[in-house]
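Student: Could you have a look at this structure, given as structure tokens, before my questions?
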Amino acid sequence: MAIEYLKRGKSDADRAEDDAKTRAVVEATLKDIETRGDAAVRELSEKFDNYSPASFRLSQDEIDDLMAQLSDRELADIKFAQEQVMNFARAQRASMTDIEVETLPGVILGHKNIPVQSVGCYVPGGKFPMVASAHMSVATASVAGVPRIIACTPPFQGKPNPAVIAAMHLGGAHEIYVMGGIQAIGAMALGTETIDPVHMLVGPGNAFVAEAKRQLFGRVGIDLFAGPTETMVIADETVDAEICATDLLGQAEHGYNSPAVLVTNSRKLAEETLSEIDRLLGILPTADTARVSWQDYGEVILCDSYDEMLQVADEIASEHVQVMTDRDDWFLENMTCYGALFLGPRTNVSNGDKVIGTNHTLPTKKAGRYTGGLWVGKFLKTHSYQKILTDEAATLIGEYGSRLCLLEGFVGHAEQCNVRVRRYGGINVPYGAPAPYRDAAE
């Protein structure tokens, strides 16, 4: 095999060093929020966002005033996008059924899908107001039936962004706070004097937001590790350099550390895409950001075959994977590690980010190897239950349970079974002894 890098990004060692610095900042900040609550949150908001309102929580009047700043067309567009996301979420929810089965005569096992009882949704918005992220988290949680949904977003240019607030409100948020970064994540998870803590955190964000969620995992649930945007384009000569370069830079503009990778079996396409990226960076209004991401995290990988392209793609496990080849469905059938696939040149990552209906909160940093993205099922907990309806079933299961508990040395466990065998089966099992085998008892 001959996998050749025509362009590499930062080394793994350099990326690990960046992660270590982020980790230390987040740890100290969360400790401060836990110790000082609202005071720490306000200081952080003043420092990073230059924002210190009388209350970080928006009142209904404030929400109404912000929504009134949007045109009818803007509101209609938000509602259209939200309906696409909710339609798909409803279909996903309908696929998750409660079950109850009789596995032996008189033995009933089942499970129920129960919504998480409180969720904190983070909607990024410091650099770009991420209206669509409100659909992905707030609206999807609403479809799942979460009874308390709180949403946080940073101020945009010093004040709440009307479109983001409208999307949060229309999506079903019960409490809306204008705060961002580590202070928002910490306040929602740890609680303050004015904010009750939640059971789960969801939503994408920058490296600091992702690290805060990682450190808080266990104390609260999280959806997944959704850090800086990643994109991969898998392409052959069925497409041209313009579309490849556009799709790479379209995601690189998210931030200064957004990996963008081209995987191709065409040297011609690879070289032309590199040239086209240089051309587009000369005219892209967000080039100041995209150029840094491309310089530090952009990669072009040339492979000999489609099998090699598949191997590289699964190893990188990118968040977004745009597939434009003569065998798109082959990649759909064979790829195993990714956030979401975008198949064919007619679609693109922006469709998934903004409007088409699939969720755009997706795994990053190779987390696609073990989890998919945010979806309605993430807001549901599947809880099992059991019941035994007959004396005969209680005796049968109790006999097996008694012997298996003592096989492991758990006498107290065995007695939980034995007392049922004695009571419902009329079999005299001495305390701490295994229940007899049926044929021996008979």
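The values are calculated or read from the model by the stated rules, or taken from the named source; none is laboratory data. Only a predicted model underlies this, so the values are computations on that prediction, with no experimental measurement involved. Here the Cβ is made from the backbone with ideal geometry for all residues, glycine too, and neighbour counts use every protein chain on show. Ligands, DNA and RNA are excluded from the accessible area calculation, which covers all protein heavy atoms including side chains. Shrake-Rupley method; radii C 1.70, N 1.55, O 1.52, S 1.80 Å.
Student: Could you calculate the contour length gain from ALA287 to TYR437, that is, 0.36 nm times the residue separation minus the distance between their Cα atoms, to one decimal place in nm?
Tutor: 46.4 nm
Student: Could you compute the FRET efficiency for GLU27 and LYS47, with r as their C-beta to C-beta distance and R0 at 30 Å, rounded to 0.05?
Tutor: Computed FRET efficiency for GLU27 and LYS47: 0.95.
Student: Looking at the stretch 161-244, which GluC sites (Glu not before Pro) are in a loop (DSSP not H, G, I, E or B) and have at most 14 other Cβ atoms within 10 Å?
Tutor: Values: sites: GLU175, GLU193, GLU211, GLU230, GLU237, GLU242; in loops: GLU193, GLU230, GLU237.
Here the sparse-neighbourhood loop sites are GLU193, GLU237.
Student: Quantify, in whole percent, the carbon and sulfur part of the accessible surface of the chain (1.4 Å probe; protein heavy atoms only).
Tutor: 52 percent
Student: Still on this model: Compute the label zone of SER384 within the stretch 398-419: residues whose backbone N is under 19 Å from the point 7 Å along Cα-to-Cβ.
Tutor: Only 398-406, 408, 413-414, 416-417 fall inside the zone, counting backbone N under 19 Å.
Student: What are the aspartates and glutamates whose alpha-carbon lies under 14 Å from the alpha-carbon of LYS365, with same-chain residues fewer than 8 places away excluded?
Tutor: By straight Cα distance, LYS365 reaches ASP12, ASP18, ASP19, GLU211, GLU230, ASP314, GLU315, GLU319.
Student: Would you list LEU302, LEU341, LEU104 from the most to the least accessible area, probe 1.4 Å?
Tutor: Heavy-atom accessible area, descending, gives LEU104, LEU341, LEU302.
Student: Once the cut-off is 20 Å, how many percent of the Cα-Cα pairs in the stretch 333-400 end up in the long-distance tail?
Tutor: When all Cα pairs of the stretch 333-400 are counted, 54 percent exceed 20 Å.
Student: Enter the accessible area per residue of the stretch 59-183 (Å², integer; probe 1.4 Å; all protein chains in place).
Tutor: Accessible surface, normalised per residue, equals 41 Å².
Student: Please name which of GLY181, THR192, LEU302 has its Cα lying farthest along the dipole of the chain towards the positive end, using unit charges on Cβ (Lys, Arg +1; Asp, Glu -1) and the Cα centre as origin.
Tutor: THR192
Student: Give the accessible area for LYS112 in Å² (nearest 10); use a 1.4 Å probe, count only protein heavy atoms, and leave out ligands, DNA and RNA.
Tutor: Using a 1.4 Å probe on the heavy atoms, I get roughly 100 Å².
Student: Sort all Cα-Cα distances of the stretch 276-413 into consecutive 10 angstrom bins from zero, then give the percent of pairs in each bin up to the one containing the longest distance.
Tutor: In whole percents, the pair-distance histogram is 9, 24, 25, 11, 11, 11, 6, 2.
Student: May I ask you to derive the FRET efficiency for ALA54 and ARG219 from their Cβ-Cβ distance with R0 = 25 Å, giving the value to the nearest 0.05?
Tutor: Step by step, r from the Cβ atoms, then E = 0.25.
Student: Please give the peptides 22-35, 347-360 ranked by average Cβ packing (other Cβ atoms within 10 Å per residue), highest first, as a rough proxy for protection. Show your work: numbers first, answer last.
Tutor: On the way: 22-35: 16.6, 347-360: 19.9.
Output ranking for 22-35, 347-360: 347-360, 22-35.
Student: Ignoring ligands, DNA and RNA, how do PHE225, PHE48 rank by accessible area with a 1.4 Å probe, largest first? Numbers along the way, then the final one.
Tutor: On the way: PHE225 65, PHE48 130 Å².
From most exposed to least exposed: PHE48, PHE225.
Student: Let me ask another. What value, in deg cm²/dmol to 500, does the helix sum -39500 (n - 2.57) over DSSP H runs of n ≥ 4 give at 222 nm once divided by the residues of the chain? Working shown, then result.
Tutor: Working: 18 runs with 205 residues, N = 442.
That calculation yields -14000 deg cm²/dmol at 222 nm.
Student: Something else: Accessible area per residue for the stretch 284-327 in Å², computed with a 1.4 Å probe and the full protein assembly in place, what is it?
Tutor: 36 Å²
Student: Going by accessible area, probe 1.4 Å, with all protein chains left in place, what is the ranking of ASP49, ASP240, largest first?
Tutor: Result, largest first: ASP240, ASP49.
Student: Using 0.36 nm per residue of separation minus the Cα-Cα distance, give me the extension gain between ASP65 and LYS79 in nm, one decimal. If you can, show how the numbers build up before the last one.
Tutor: Values: separation 14, 0.36 × 14 = 5.04 nm, distance 1.78 nm.
Value of the extension gain: 3.3 nm.
Student: Roughly how many Å² of ASP391 are accessible to a 1.4 Å probe, to the nearest 10?
Tutor: 80 Å²
Student: Now a separate question. What aspartates and glutamates sit close enough to LYS381 to cross-link, taking a C-alpha to C-alpha distance under 20 Å and skipping anything fewer than 8 places away on the same chain?
Tutor: ASP98, GLU100, ASP223
Student: Continuing with this model, one more query. Of all beta bridges DSSP finds with both residues in the chain, what is the antiparallel percent, to the nearest 5? Mind dumping the intermediate values first?
Tutor: Values: 19 of 52 bridges.
Roughly 35 percent of the DSSP beta bridges within the chain come out antiparallel.
Student: How much accessible area per residue does the stretch 382-438 have, counting only protein heavy atoms and a probe of 1.4 Å, in square angstrom?
Tutor: Dividing the accessible area of the stretch 382-438 by its residue count gives 67 Å².
Student: Okay, moving on. Counting Lys and Arg as +1 and Asp and Glu as -1, each charge on the Cβ, what is the dipole of the chain about the Cα centre in debye, to the nearest 20? Each step should come with its number before you reach the end.
Tutor: Numbers: 40 positive and 61 negative charges, 289 e Å.
Once rounded to the nearest 20, the dipole reads 1380 debye.
Student: Stretched out fully, how many nm does the piece from THR194 to GLU392 gain, at 0.36 nm a residue minus the Cα gap?
Tutor: Full-extension gain reported as 65.8 nm.
Student: What whole-number distance in Å separates the alpha-carbon centres of the stretch 327-354 and the stretch 127-164?
Tutor: If we compute the Cα centre of each part, the gap is 26 Å.
Student: Further question: Which lysines, if any, have their Cα less than 24 Å from the Cα of LYS387, not counting same-chain residues under 8 positions apart?
Tutor: Excluding near neighbours in sequence, the set is LYS112.
Student: Put a dot 7 Å past each Cα toward the Cβ at LYS112 and SER11; how far apart are the dots in nm?
Tutor: 5.6 nm
Student: So if I restrict to the alpha-carbon atoms in the chain, what is the Rg, and what is Dmax, the biggest pairwise distance, in Å?
Tutor: In order Rg, Dmax, the Cα atoms of the chain give 26.7, 89 Å.
Student: Okay, next question. How large, in Å, is the stretch 79-134 by the Kirkwood hydrodynamic radius built from its alpha-carbon pairs?
Tutor: About 15.0 Å, per the Kirkwood formula over Cα pairs.
Student: Right, another one. Counting other C-beta atoms within 10 Å, and keeping those with at most 13, which DSSP coil chymotrypsin sites (Phe, Trp or Tyr not before Pro) do you find in the stretch 382-428?
Tutor: Taking the stretch 382-428 and a limit of 13 other Cβ atoms within 10 Å, the loop chymotrypsin sites (Phe, Trp or Tyr not before Pro) found are PHE410.
Student: Using protein chains only and a probe of 1.4 angstrom, how many square angstrom of SER305 are accessible, to the nearest 10?
Tutor: 40 Å²
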